[in-house]
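*Asks:* Below is a structure I'd like to ask you about.
Laboratory data are not the source of any read-out in this text; all were calculated from the coordinates shown. Nothing here was measured: the structure is a model prediction, and the numbers come from that model. So basically every Cβ, Gly included, is an ideal-geometry build from the backbone, and we count neighbours across all protein chains shown.
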Amino acid sequence: MDIETVRAKMAAQVSRASQSAMASVFGWVFEVQDLVVYATLRHRRRPESTYLLRVVFDEFPRRAPSYVFVDHDTKQMTSGAWPPNVRHGAEPLGICTPGTREFHEHWHRGDAQHPWDPERYTFLATLQEIHRLMERGVGG
Amino acid sequence: MANNRIHLTFSTTAGDLEEDFPVNQPLHALKREVMGRLKLDPSQADQFAVTLDGNLLDESKTLGDLNVLANAVLVIERRDVIKI
């Protein structure tokens, strides 16, 4: 798939998420850099807790996007960038929920119950799930 | 609050539904109706909760009982997070 098609399909996913009423409820802020989306996630009941999620859409929709938390300032992966109890314990760094590349290509590779499906595991649906994981991990 | 209805948005990962909803109908019934209209299976409704500002709402109560304000956004979200 050519890069322009990937870019267009990514843009459609980001547009759907940013236009959802959920974006304002969850307080999501998006920054797009080529095929990477940075999403700021803020705990709904503890707004002092914010995290920056990096979502890489290269090869989307053939492959699921990669989701990892990164440092707000450097945008590098650091252990301190992760909310409590969200990161999977094994390599690679990632989040073990359907819709993430790390889930479909590593820990649940070949899992017939959860095959990668871009129509089912949209950016909006995966982002909402990760947001809820973050809130549950932080508590409150 | 015209005609005992209130203007709200229900938001789901399948889409949003913004319109006037009856204040005297239990929230669980509204949830099923909204799910059906957004092509979400209402028979799965028990797996989903309704939240306002991150707080779970008592679905046995009506919008009026819950003092939900006009133009609020209610989120229909899974009760359990999916982490496998």
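*Asks:* Quick one: net charge around A:Pro47, please, counting Lys, Arg +1 and Asp, Glu -1 for every other residue with C-beta under 13 Å from its C-beta.
*Replies:* +1
*Asks:* Only counting other Cβ atoms within 10 Å, I'd like A:Val56, A:Val37 sorted with the fewest neighbours first.
*Replies:* Ascending number of Cβ neighbours within 10 Å: A:Val56, A:Val37.
*Asks:* Hey, any idea what Rg/Rh is for the protein assembly as shown, computing Rh the Kirkwood way over Cα pairs?
*Replies:* 0.98
*Asks:* Now a separate question. Which value in deg cm²/dmol, rounded to the nearest 500, describes the helix-derived mean residue ellipticity at 222 nm for the protein assembly as shown, given -39,500 (n - 2.57) per DSSP H run of n ≥ 4 and division by the residue count?
*Replies:* -7000 deg cm²/dmol
*Asks:* Where does the charge balance sit around A:Val6 when Lys and Arg score +1, Asp and Glu -1, over other residues with C-beta under 15 Å from its C-beta?
*Replies:* 0
*Asks:* Count charges around A:Met77 for me, please; just the other residues with Cβ under 11 Å from its Cβ, Lys/Arg as +1, Asp/Glu as -1.
*Replies:* So the environment of A:Met77 carries a net charge of +2.
*Asks:* Additional query: Eigenvalues of the Cα gyration tensor times 5, then square-rooted: what semi-axes does that give for chain B, in whole angstrom, largest first?
*Replies:* 21, 13, 12
*Asks:* Express the C-alpha Rg of region A:44-140 as a ratio against the empirical globular expectation 2.2 N^0.38 Å, rounded to two decimals.
*Replies:* The reported ratio for this selection is 1.06.
*Asks:* Which is farthest toward the positive dipole end of the protein assembly as shown among A:Gly99, A:Pro47, B:His7, measuring Cα position about the Cα centre, with Cβ charges +1 (Lys, Arg) and -1 (Asp, Glu)?
*Replies:* Among A:Gly99, A:Pro47, B:His7, the one farthest towards the positive end of the dipole of the protein assembly as shown is A:Pro47.
*Asks:* Compute, for region A:3-138, the length of the dipole vector about the Cα centre, with Cβ point charges of +1 (Lys, Arg) and -1 (Asp, Glu) only. Units Debye, rounded to 20.
*Replies:* For this selection, approximately 380 debye.
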